1. Please express the Cα-Cα pair-distance distribution P(r) of region 166-249 as a list of whole percents, one per 5 Å bin, running from 0 to the bin with the greatest distance.
2. Which whole-number percentage describes the relative contact order of region 19-261, with Cα contacts under 8 Å and a sequence gap of 6 or more?
3. Only four residue types carry charge here, +1 at the Cβ of Lys and Arg and -1 at the Cβ of Asp and Glu. Report the dipole size of region 19-261 about the Cα centre in Debye, rounded to the nearest 20.
4. Aspartates and glutamates within cross-link reach of Lys39: Cα-Cα under 19 Å, excluding same-chain residues under 8 positions apart?
5. Could you tell me which residue out of Asn60, Leu112, Tyr224 lies farthest along the dipole of region 19-261 toward its positive end? Charges go on the beta carbon: Lys and Arg +1, Asp and Glu -1, centred on the Cα centre.
6. Can you compute 3J(HN,Hα) from phi for each residue in region 197-203, using the Karplus curve 6.51 cos²θ - 1.76 cosθ + 1.60 with θ = phi - 60°, rounded to whole Hz and x for Gly and Pro?
7. Pick from Val92, Val158, Val173: which is most flexible by mean-square fluctuation in a GNM of the chain where alpha carbon atoms under 10 Å apart are linked?
8. Which length gain, in nm to one decimal place, applies between Asn218 and Tyr31 when the Cα-Cα distance is subtracted from 0.36 nm times their residue separation?
Amino acid sequence: MKLIICLTLILVNFAFALDPSSEYLKTPKDYNLKYKEVKIKTDDKAELNTWIITENEKSNDILIMANSDIGNMSNFLPYANFVSKNLKKTVVLFDYRGYGKSSNYTHSKFALSDKILVKDLRAVIQFVQKKYPKAKITLYGFSMGASIVILAAKNENVESLFLDSPMIDPNDVLARVSNKNVFLNDKDFFDLTNSADQLRAKEMFIIQGKNDNVTNANITTKFYAQSNIQKNILILENNKHGDISNLYADLYLYYLKTCLIN
């Protein structure tokens, strides 16, 4: 039977700035997923609400999904459902501080991103590595979440990265965003144009829209070319930022599956 999956990740209503929600659209229970809810503590005492979803307790393959700028971790439950039930891999979803049911934190309304989010993802990676010493960790990130993944992977050893439309050059992204109130502190920190050779991952998968109106396909391609690790890139015709997973749903899931089973 052909798998039919609805990828309604509210990626059609971009804030292009940090826009957290404390309310979950759904929980793993709505998908009949086996999961545990835990609080992961950061080194500065924040608590990150986390869902560890697994249909196979013996699996050492773990997908950690980093949210983009909007909503909370429930955005990615459709992917978690597919990966857990069909690939039998463990999926870890978490909320940055200020998102979902994690510790309170006030994000600036027009901030494109925040360094604190990298700290949060690194805390999750370290928790997973300690809880599952034999884990082969794949990090998934879309848009701003992909930039957070790249920054974390400069300091944490992981198996692979799956990057969808990553924000590589913050100046280029800010120039493309129509809302000119959007800003980014620490631009040098978020400038990833020369970071590809610093990744502590064994493999990298990138998927990017050719006509993306926020992330530049040429910049993404140059970033990809700099990396010396095993890698694959897929540039697809599209209309706007975030529409790849809906325009090419079957291909997108196939590509994610390929990343996870290698």
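1. Pairs per bin, as whole percents: 3, 14, 23, 22, 19, 14, 4, 1.
2. Numbers: 499 pairs, mean separation 38.9, N = 243.
Computed value for region 19-261: 16 percent relative contact order.
3. 720 debye
4. Partners within reach: Glu23, Glu47, Asp95, Asp120.
5. Result: Asn60, furthest along the dipole toward the positive end.
6. Couplings: 7, 9, 6, 9, 10, 8, 8 Hz.
7. Most flexible of the set in this elastic network: Val173.
8. Result for the pair: 63.5 nm of gain on full extension.
Coordinate-derived values only; no laboratory data. All values derive from a computational prediction rather than experimental measurement. Here the Cβ is made from the backbone with ideal geometry for all residues, glycine too, and neighbour counts use every protein chain on show.
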